[in-house]
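Just below is one structure, and these are the notes that go with it.
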Amino acid sequence: MERITFLYELHRKPIFGYFLRMTGSKEEASELTQETFYQACLSLYRFKGEASLKTWLFSIARNVYLKFVREKGKRKEMIREGPFSENLPAPGSPDPSAEALILKEEHERIRKGLARIPEKDRTIIILKEFQGLSYEEVATVFDQTVNWARVNFFRAKKRLVNIYSEQEVDGI
């Protein structure tokens with residue numbers, strides 16, 4: 001039981017962060033994090049050590065998320081709240097600096113852009129950029145090659161940049 005508790009404490013925050021960025025909801029992220037660790041406990045006997053424990057957990061997390069989307073019949077645009085807003089000033093805070101306002105606008109455009117790209121692309125970007133996984137780890141999560149991870153990360157970033165640029169032109 002101590003090992004499971006240690007595993008949970010070590011990896012809870014990154015898994016929760018992944019779900020928060022995928023759903024935009026702290027409640028859903030919390031539920032999905034719990035489900036991920038439940039599924040990990042059920043299938044711990046299948047862990048062969050071919051990948052790192054972190055990568056194995058993110059693979060389970062992605063499957064939990066995909067099942068959640070299927071069961072709930074949710075659209076791709078799952079992100080509702082700003083997953084980046086944790087360190088930003090509160091909306092009604094007195095006299096926010098210009099830098100903070102610009103940063104808030106940038107984060108909002110990124111959030112909206114992420115919501116508009118396919119799940120696979122969003123997952124790759126979140127795992128690579130926000131969770132700090134290597135190309136090798138991303139490839140393992142998707143059960144693909146490292147080259148696949150590199151190419152798809154590049155394509156996903158390009159899609160996000162295009163959407164981001166469109167939003168800038170549209171004044172969003």
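Derivation of every value follows stated rules applied to the coordinates shown; laboratory data play no part. Not measured: the values here are computed from a predicted model. Note that each Cβ is placed from the backbone with ideal geometry, even for glycine, and that neighbours are counted across all protein chains shown.
I need the phi-derived Karplus couplings for the range 19-26: 6.51 cos²θ - 1.76 cosθ + 1.60, θ = phi - 60°, integer Hz, Gly and Pro marked x.
Couplings: 5, 4, 6, 6, 9, x, 10, 5 Hz.
Sorting Y164, Y45 on the 10 Å Cβ count, fewest up front, what's the list?
Sorted ascending by nearby Cβ count, the order is Y45, Y164.
If you put +1 on each Lys and Arg Cβ and -1 on each Asp and Glu Cβ, how big is the dipole of the range 96-172 around its Cα centre, in Debye rounded to 20?
Here the range 96-172 has a charge dipole of around 220 debye.
How many angstrom separate the Cα center of the range 111-172 from the Cα center of the range 1-73?
Using only Cα atoms, the two centres lie 20 Å from each other.
Regarding the range 96-172, what are the three Cα extents along the principal axes, ordered largest first, in Å?
43, 24, 15
Taking the range 1-75 as the region of interest, what is the percent of Cα-Cα pairs per 5 angstrom bin, listed from the shortest bin to the one with the maximum distance?
Taking all Cα pairs of the range 1-75, the binned fractions are 3, 16, 29, 26, 15, 8, 3, 0 percent.
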